[in-house]
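Written below as structure tokens is the structure these notes are about.
The values are calculated or read from the model by the stated rules, or taken from the named source; none is laboratory data. Keep in mind it's a predicted model, so treat the numbers as computed, not measured. Don't worry about glycine lacking a Cβ; one is built from the backbone with ideal geometry, like all the others, and counts go over all protein chains shown.
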Amino acid sequence: MSDKYNDIFPTRLRQLIEEKPTTITAVARELGISRQAVSQYTMGIGQPNADKLLQMAEFFDVSVDWLVGRQGGAKSFDMDMEGACRFLGMDEDCVAFLKDLGAFSQKYPNTLHALFTHPKFRESLRSVIKYRWLLENQEQALQKAGDEEARIQWSNAIFFEHFSSTTGMNEMLKEWDIQFRGTNTEVDYREILGMKEEENG
């Protein structure tokens with residue numbers, strides 16, 4: 001098996017062949033090349049030239065950007081989706097999830113708006129993003145750090161963003177508890193769900 005078997009292009013090509021569904025032979029016939037060449041593409045051994053790549057994208061009705069794993073490349077030719085991917089810097093799966101989240105939230109009117117407009121949620125989300133980035137780059141940063149003080153500052157930044165994100169979310173939830181249930185937020189959920197009656201019965 002090639003070292004590049006799990007690279008984006010061969011992985012997505014195998015996915016498309018399975019999803020269509022079609023065969024390596026059919027793809028080869030469409031592109032006017034040998035079955036062996038397409039088989040090599042799926043294994044990460046070879047790469048098609050630009051013309052064949054475009055033919056392949058048209059055959060599967062996907063964008064070339066998505067097929068080769070370009071950042072923000074949308075799978076479909078839906079211009080709204082493609083624009084959203086580019087604007088957000090996310091792939092199509094992430095944008096589709098956000099779209100599904102919006103549809104889901106319609107069952108619970110105003111809640112998603114309340115979440116996204118809450119300052120504590122915004123602060124927490126920014127902290128989560130920074131926390132992830134700090135963790136992802138920690139090893140490389142510590143290797144470049146000139147002294148112990150720089151290492152300590154990096155570790156402190158990780159701690160701060162973790163603390164900030166979790167604390168902010170907790171504060172927001174407590175605020176909503178007080179807003180909708182008053183100051184007495186110690187609620188026995190078993191009683192609400194009728195579990196106590198079942199136990200006593």
Residue identified as over 30 Å from residue 112 (Cα atoms), in a loop (DSSP other than H, G, I, E, B), modelled with pLDDT of 90 or more and touching a helix residue (DSSP H, G or I) at 6+ places or on another chain (Cβ under 8 Å) among 48, 10: 48
Residue selected from the stretch 84-122 under the condition in contact with a helix residue (DSSP H, G or I) (Cβ under 9 Å, 6 or more places away or on another chain) and polar (S, T, N, Q), by the criterion farthest from residue 65 (Cα to Cα): 111
Look at residue 49 and say whether it is within 27 Å of residue 25 (Cβ to Cβ) and surrounded by fewer than 12 Cβ atoms within 10 Å (Cβ to Cβ). yes
Would you be able to tell me the number of residues in the stretch 126-161 that are of a type in the set (D, E, K, R) and within 29 Å of residue 116 (Cβ to Cβ)? 5
Out of the residues in the stretch 77-112 meeting the condition of being exposed (fewer than 14 other Cβ atoms within 10 Å of the Cβ), of a type in the set (Gly, Ala, Ser) and closer than 25 Å to residue 53 by Cβ, tell me which one is modelled with the lowest pLDDT. 83
Under 7 Å between Cβ atoms, at least 6 apart or on separate chains: pull out the pairs that start in the stretch 34-56 with a residue that is on the phi > 0 side of the Ramachandran plot and end on any residue that is surrounded by fewer than 17 Cβ atoms within 10 Å (Cβ to Cβ). 44/2; 44/4; 44/5; 44/7
Go through the stretch 91-124 residue by residue and tally those that are part of a helix (DSSP H, G or I) and free of Cβ contacts under 8 Å to residues at least 40 places away in the same chain. 23
Out of all the residues in the stretch 138-146, is one or more surrounded by 10 or more Cβ atoms within 10 Å (Cβ to Cβ) and modelled with pLDDT of 85 or more? yes
At pLDDT 90 or above, within 15 Å of residue 118 (Cα to Cα) and touching a His at 6+ places or on another chain (Cβ under 8 Å) - does that describe any residue in the stretch 162-173? yes
Selection within the stretch 111-157 - among the hydroxyl-bearing types (Ser, Thr, Tyr) and more than 21 Å from residue 88 (Cα to Cα): 111, 155
